[in-house]
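Beneath this line is the structure, given in structure tokens, with notes to follow.
What follows draws every value from the coordinates through simple rules; no lab data is involved. Only a predicted model underlies this, so the values are computations on that prediction, with no experimental measurement involved. With ideal geometry, Cβ positions are generated from the backbone for all residues, glycine too; neighbour counts draw on all protein chains shown.
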Amino acid sequence: MTAPLDASTIARPGTGAHTSVLLETVGSRHDPPSPSLHAPSAPPAVAARGLTITDSEGRDYIDACGGAAVSCLGHGHRDVIAALHEQADTLAYAHTGFFTTEAAERLGDRLVADAPEGIGHAYLVSGGSEAVEAALKLARQYATERGEDGRRHVIARRQSYHGNTLGALATGGNEWRRAQFKPLLMETHHIAPCFAYREQREAESDADYAARAAGELETKIQELGPETVLAFVAEPVVGATAGAVPPVGDYFRRIQEICDRHGVLLVLDEVMCGMGRTGTLHACEQEGISPDLMTVAKGLGGGYQPIGAVLLSERIYDAISNGSGFFQHGHTYMGHPMAAAAALAVQEVIARDDLLANVREMGAHLRARLKETFGRHAHVGDVRGRGLFQAIELVADRETKDPFDPALKLHARIKAAAMERGLMVYPMGGTIDGARGDHVLLAPPFIVEREDIDRIVERLAEAVDAGLGEVA
Ligand code: PLP
């Protein structure tokens, strides 16, 4: 079932910023390369079908990253469009303070039926940051309902991204994203991520490294006082900040054991890596763990509508519904029927067409092609990822793993070079031990075929060399 636990507390509608004006001012179009993924570097997009987006000058781009790992079905899927037409024609909006809707209920049921063990409810919101905010508040309210008022500390990991609203921003590990907003942010604590390429010692086994990395959580909990710790938040496969970094060995099983032993809630943020992206519906399935709270978004609606969800365990739901009976939260557009109808259609097509099998098969092909192309490249230190969520990390020196000077903005140059070659990739300067390094993330739609992948990797190789040519 969907869980507006009690939908009567509704946020006031936002005022709506003039987004395009703001984006225009974030970075110039071509020269120097935009410092931000969000700054437009091409004319407006006017049409899209399958893997291709077309701009107003008639140029085609292969969408090799699903925007930001969003467009899991590709663009213009007829079944999703039909579902949207039907929903718009039937019921475009009903406020959750008055009604639930069939679309929201069916989506909630589906999410719960397919969720990891212990998850019993879904709370539908409009995106990833909203989902993270709601998860943090659910965690806190769970503690207060149980009389554990002292539980207030949130621990997360460096090199993680959890969104741009204040709670999510405070939780994420990016110092540079947080810096100017610090006075507005809640206090959070960060430990090292499980990041084998950067943090595993030479000759250290995966098991030993997993134990050492997870041990940081134990140490941090002890330092803060176990009874003061509310939640640990992590992406099972790190996305935007570090570029498709999978965990090693039994890292997450150890994390879960530590959380359980101290009564700390485990919150998994699968906004980017979830909903099939890594080859299983949820990335945490591959870790053999079940979180207390889980956030999903991007691939849930595949970009056809803005939507996200928090999946919550029975025990959290029960504590609140048997306690105050009222989750102190709410948004005007939560449980939106158009968004729910889109997400349902996307998820039904993925299941009907067995697209997760394609994610696994094409993911293996993508990985192999990346290894073949970049495995010996002088400035590619690592090729990593899971399923159709793969990345390369650029380094100035393969031996020392030193990143390029962040001021060079290599990732933005590669993005621009890729766009010139009709390829969309998701580049980012991640945070590496305080310094920023560069990586390029690929997250093509689940309908991608072998020849598409070959074309993507060929164009990427050209773009990487063109970007490097400007700096090296
Ligand atoms: N969490 C993760 C792991 C993300 O990757 C993102 C977005 O990239 C978010 C949260 C925030 O999602 P949104 O941009 O939809 O608010």
* To do: Using per-residue counts of other Cβ atoms within 10 Å, averaged over each peptide, order 403-412, 298-307, 65-74, 323-332 from highest down.
  => 298-307, 65-74, 403-412, 323-332
* Go through the range 453-463 residue by residue and turn each phi into a ³J(HN,Hα) via Karplus (6.51, -1.76, 1.60, θ = phi - 60°); whole Hz please, and just put x for glycine and proline. => 5, 4, 5, 4, 5, 4, 5, 4, 4, 5, 5
* Structure fact -> To the nearest 0.05, the calculated FRET efficiency linking Ala94 and Arg261 through their beta-carbon distance, R0 being 60 Å, is 0.85
* Among Arg106, Arg49, Arg277, which comes first, second and so on when ranked by fewest other beta-carbon atoms within 10 Å? -> Arg49, Arg106, Arg277
* Mean separation of Cα contacts under 8 Å, 6 or more apart, over the residue count of the chain: relative contact order % -> 22
* Direction-averaged shadow area of the convex hull around the Cα atoms of the range 255-347, nm²? -> 7.0
* **Charge-dipole axis of the range 78-352 as Lys and Arg at +1 and Asp and Glu at -1 on Cβ define it, positive-most pick from Ala115, Ala139, Ile155** => Ile155
* To do: Read phi for every residue in the range 69-84 and hand back ³J(HN,Hα) as whole Hz from Karplus 6.51 cos²θ - 1.76 cosθ + 1.60, θ = phi - 60°, with x for Gly and Pro.
  => 6, 9, 6, 6, 9, x, 9, x, 5, 4, 5, 6, 4, 4, 5, 5
* What does the convex hull of the alpha-carbon atoms of the range 78-352 project to on average, in nm²? -> 14.8
* Which of the residue pairs Lys182/Lys220; Lys298/Lys409; Lys371/Lys401; Lys182/Lys298; Lys137/Lys220 have a Cα-Cα distance greater than 23 Å in the structure shown? -> Lys298/Lys409; Lys182/Lys298
* **the range 78-352: relative contact order in percent, alpha carbon pairs under 8 Å with at least 6 residues between** => 30
* Asked: Percent relative contact order of the range 358-472, based on C-alpha pairs within less than 8 angstrom and at least six residues apart?
  -> 28
* Asked: What translational D, rounded to a whole number of µm²/s, comes out for the range 148-189 from Stokes-Einstein when the hydrodynamic radius is the Kirkwood one over Cα pairs, at 20 °C and 1.002 mPa s?
  -> 204
* Quick one, can you get me the convex hull of the C-alpha atoms of the range 146-234 expressed as volume per residue in Å³? => 111
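About the Cα centre, and with charges only on the beta carbon of Lys, Arg (+1) and Asp, Glu (-1), how big is the dipole of the chain? Nearest 20 debye, please.
With Lys and Arg at +1 and Asp and Glu at -1, about 640 debye.
Of all DSSP beta bridges in the chain, what percent run antiparallel (nearest 5)?
On the way: 37 of 55 bridges.
Of the beta bridges lying entirely in the chain, close to 65 percent run antiparallel.
Given all pairs of different Cα atoms, what value in angstroms does the Kirkwood hydrodynamic radius of the chain take?
Hydrodynamic radius (Kirkwood, Cα pairs) of the chain is 22.6 Å.
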* To do: Output ³J(HN,Hα) for the range 171-179: one whole-Hz value per residue in order, computed from phi by the Karplus curve 6.51 cos²θ - 1.76 cosθ + 1.60 with θ = phi - 60°, and x for Gly and Pro.
  => 6, x, x, 6, 4, 5, 6, 7, 2
* Residue-averaged 222 nm ellipticity for the chain, from DSSP H runs of 4+ at -39500 (n - 2.57), nearest 500 -> -11500 deg cm²/dmol
* To do: Just subtract the alpha-carbon distance of Arg106 and Asp208 from 0.36 nm times their residue separation and send over the number in nm, one decimal.
  => 32.3 nm
* Structure fact -> The answer for the longest stretch of the chain without any exposed GluC sites (Glu not before Pro) (DSSP loop, at most 12 further Cβ atoms within 10 Å) is 203-398
* Structure fact -> Expressed in angstrom, Rg and Dmax over the Cα atoms of the range 274-400 are 19.3, 60
